[in-house]
Amino acid sequence: FLRLTLPSMITRDYPTSKIIKPHAGQEIHFCNLTLNVIYTQELCIPYFEPATNDASTVFRITVNGSSVLIMADCDCGASDLITDIYQSTLKSDFMQVNHHGYSGVTEELFDCVSPKITIWPTSEETFKKRITGAPYQYIGNAVSANKYIFDKLGNDGCIVADKEIKTIQF
């Protein structure tokens with residue numbers, strides 16, 4: 001049984017591709033897009049040992065003067081550290097809510113980012129449960145922060161990744 005790693009599959013299937021290992025503070029440019037690496041697992045090592053989700057890479061994409069912060073599956077440890085380090089420089093027009101709205105997002109992080117629109121990679125049914133502020137069987141620590149976000153932005157400020165394809169024009 002041959003076990004392929006992601007880098008070996010990329011090398012095999014896309015031999016002319018360049019593999020870049022991102023580091024916090026790195027800036028990558030391609031086409032008219034800038035990708036700023038905000039956080040990688042190596043940033044947290046002096047502060048705490050990352051759990052699986054806190055090892056996510058966080059980055060901001062800027063194109064045509066608009067920006068989107070991609071939080072991936074970061075949990076509270078990473079969210080708190082990112083907030084402490086970057087504070088108001090996290091400001092972005094759009095923000096993907098941490099870990100599908102399950103855990104990791106905090107009110108402090110949201111206030112620093114202060115997005116006009118949040119992107120929720122979850123179903124509409126789950127989204128409706130996650131914004132009530134009430135705990136339920138399948139939610140982590142984001143109960144109050146999710147309600148806080150929804151109360152600030154309303155339904156129009158929350159794009160849920162369910163059913164139809166949604167296009168955001170930058």
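Here GLN169 fulfils each of the conditions (1) open to solvent by 30 Å² or more (accessible area, probe 1.4 Å); (2) within 30 Å of ILE45 (Cα to Cα) apart from (2).
The residue list THR62, THR118 contains one member that is among the polar types (S, T, N, Q), open to solvent by 40 Å² or more (accessible area, probe 1.4 Å) and modelled with pLDDT of 95 or more, which is THR62. Kindly indicate whether THR34 is open to solvent by less than 50 Å² (accessible area, probe 1.4 Å), under 26 Å from ILE139 (Cα atoms), touching a residue at least 12 places away in the same chain (Cβ under 8 Å) and out of contact with any helix residue (DSSP H, G or I) (no Cβ under 7 Å at 6 or more places or on another chain). Taking the combined requirement at face value, the residue does not satisfy it. Here region 111-170 is the region considered, the condition is being under 19 Å from SER66 (Cβ atoms) and of a type in the set (D, E, K, R), and the residue that is farthest from the chain's Cα centre (by Cα) is ASP156. CYS76 meets each of the listed conditions (1) under 19 Å from ILE159 (Cα atoms); (2) buried (at least 19 other Cβ atoms within 10 Å of the Cβ) apart from (1). Residues ILE19, ILE70, ILE10: which one is surrounded by 12 or more Cβ atoms within 10 Å (Cβ to Cβ), free of Cβ contacts under 8 Å to residues at least 40 places away in the same chain and over 23 Å from ASN146 (Cβ atoms)? Just a single option satisfies the conditions, and that option is ILE10.
Taking the conditions exactly as written (open to solvent by less than 40 Å² (accessible area, probe 1.4 Å), of a type in the set (Ser, Thr, Tyr), under 20 Å from ALA72 (Cβ atoms) and at pLDDT 95 or above), does THR126 satisfy them or not? Full working, then the answer.
On the way: open to solvent by less than 40 Å² (accessible area, probe 1.4 Å): yes; of a type in the set (Ser, Thr, Tyr): yes; under 20 Å from ALA72 (Cβ atoms): yes; at pLDDT 95 or above: no.
In short, no.
Is there any pair with a first residue in region 152-170 that is over 15 Å from ILE131 (Cβ atoms) and a second that is open to solvent by 100 Å² or more (accessible area, probe 1.4 Å) whose Cβ atoms are under 6 Å apart and which are 6 or more apart or on different chains, and what are they? These pairs meet every condition: PHE170/ASN64.
For THR106, the conditions (1) more than 25 Å from ASP84 (Cβ to Cβ); (2) buried (at least 19 other Cβ atoms within 10 Å of the Cβ); (3) of a type in the set (S, T, N, Q) are fulfilled apart from (1).
The values are calculated or read from the model by the stated rules, or taken from the named source; none is laboratory data. Predicted model only: the values in this text are computed from it and were never measured. When we count neighbours, we look across all protein chains shown, and the Cβ atoms used for this are built from the backbone with ideal geometry, even at glycine. Remember, those area values only see protein heavy atoms, side chains included, never the ligands or the DNA or RNA. Shrake-Rupley method; radii C 1.70, N 1.55, O 1.52, S 1.80 Å.
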